[in-house]
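Presented below is the structure to which this report refers.
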Amino acid sequence: MKSGGAASRPGAGRWAVVLLAAAALSWVALATTPAAALEGSTAASIRSAVPLPVRNLTPVTLLYGLPRSLGALAMPGETELSLRLEHANNFTAGGTAESGTAVFDGTTTVTGVIVRRSLGSRLEWGLELPYVHHGGGFTDGFIDGFHDLFGLPDGGRDAVPRDRLDYRLVNGGETRVQLDDATGDVGDVRGWLGYRLHAGEGRQAVLRGMVKAPTGRVPELSGSEGTDLALTLELVDGRLLEAAGVTLTLMGGVSVLGKDELPGTPHEDLVWSGHLGLHYPLTGNLVLRAQLDGHSDVIDVGTRQFGGATLQGTLGGTLALATGQWLDIGVVEDLSGASAPDVVFLLTLGVRL
C-alpha cells in the first residue's frame, strides 16, 4: 500500500508517458476496426462536439454531484440512449490522525444507463441511472505489468496482495466507512436540463443545470445521501482551430453540495469544475480525443485522498458503428497525484433514436 499520497507517485511527466502509451492501445483498436463495421456511418454521427464523459471515480468524490462535460445540445427531434461502463483502479493512502486518513486499494465500476432528449431546438433533458460496484477487481496484474514494461515505479503495489478490496475512511480516530467485501448498490440518480444560449456557424454555447438525487447509500459508498445541484456553461468551437480540423470544447461549472451523511468529513459548500477537450476527425468515421478534466477540493480536511482537488487527462476516441450508433473508448489518468484513480477505462455504447 502506498503511503504519503502524492510523494509516492511518479511525476506528471512520467504519468503522461503512461497515459499516452495506454491510450494508444485504444487508438490502435479504433483505427484498425474493419471497414465493414463502418459502413453507413457519417461524420455527423460521430458527434465530434460531444466530449468523453469523464469524472473523478475515487470512492469519496464519486458520491457528490460534480458535473461531466456534455458538449453540444442533443440534436432536435432525437433521443440518445447509451450504456456506459467506467472501471477505475484505486491504489493510494494518506493523511494524518488530525486531518483524517483514507486508504483506497481496490476497483470501482460504475455502469450507467443515460437518456438524452431534445425539447425543440434550444432545450434538452437528460437522466443518468448508475449502479456502483466496489471490489478487488482484476486489473492489478495488468497495471503491474505495465509499470514493469516502462520501468515506472509501482508505489508499493508489490507489497500487498493483488486484486483485493480495502477501502477505509478514518476521521477523529474512528473508522467511519470500511469496505473489504465486494458490494454493489444503486448510485445517485442525476438529471439535467440544458438550454442553448447561442448557435452560430461552427459554434455553440449551452447552459446546463443538474440535480443529483440521494438514491445511493454511504455504507456502500454509492452515494452521499444528500441532494446536490450544479450549473455549467459549455462552449463548442469548430472555428478557432478549423485550419487543423480540430473541434474545441470548454466547460466551467460550480456545484452546490447539500447536507450529506458521510460522517466526520465536512465538505466544501461550492466545488468548481472545468474541462478542456480537443477532438480531431481522423477519418469520416473516427474522432480522436484528448481532454483535461478537473475540480477543486470537495472535502475540507486537508488530505488529498479525502476528496482533494484533481486534474485528469484522457486520451481516446469515438467510432461510428453504423448510422446513429457509436462507441466511445477512453483511458483516464490522474495527473495531480493521489486524488483520483490511478487509471479509469471508459466505454460507452450509444444510439440515436
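The values are calculated or read from the model by the stated rules, or taken from the named source; none is laboratory data. Nothing here was measured: the structure is a model prediction, and the numbers come from that model. Here the Cβ is made from the backbone with ideal geometry for all residues, glycine too, and neighbour counts use every protein chain on show. Accessible surface is based on the protein model in full, side chains and every heavy atom, while ligands, DNA and RNA are left aside. Shrake-Rupley method; radii C 1.70, N 1.55, O 1.52, S 1.80 Å.
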At 0.36 nm per residue, minus the direct Cα-Cα distance, what do R239 and Y131 gain on full extension? Give it in nm, one decimal, please. 35.0 nm
What is the extension gain from L83 to T111, computed as 0.36 nm multiplied by their sequence separation minus the C-alpha to C-alpha distance, in nm to one decimal? 9.3 nm
Placing unit charges on C-beta atoms (Lys and Arg positive, Asp and Glu negative, everything else neutral), compute the dipole magnitude of the range 205-353 about its Cα centre in debye, rounded to 20. 500
Order these peptides, 227-233, 266-272, by their mean beta-carbon neighbour count within 10 angstrom, highest first. 227-233, 266-272
What accessible surface, in Å², does a 1.4 Å probe find on R190, ignoring ligands, DNA and RNA and rounding to the nearest 10? 10
Gain in span if fully extended, T323 to S296, counting 0.36 nm per residue against the direct Cα distance: 5.8 nm
Using only the alpha carbons of the range 220-282, determine the length spanned along each of the three principal axes and report them from longest to shortest in whole angstroms. 52, 22, 15
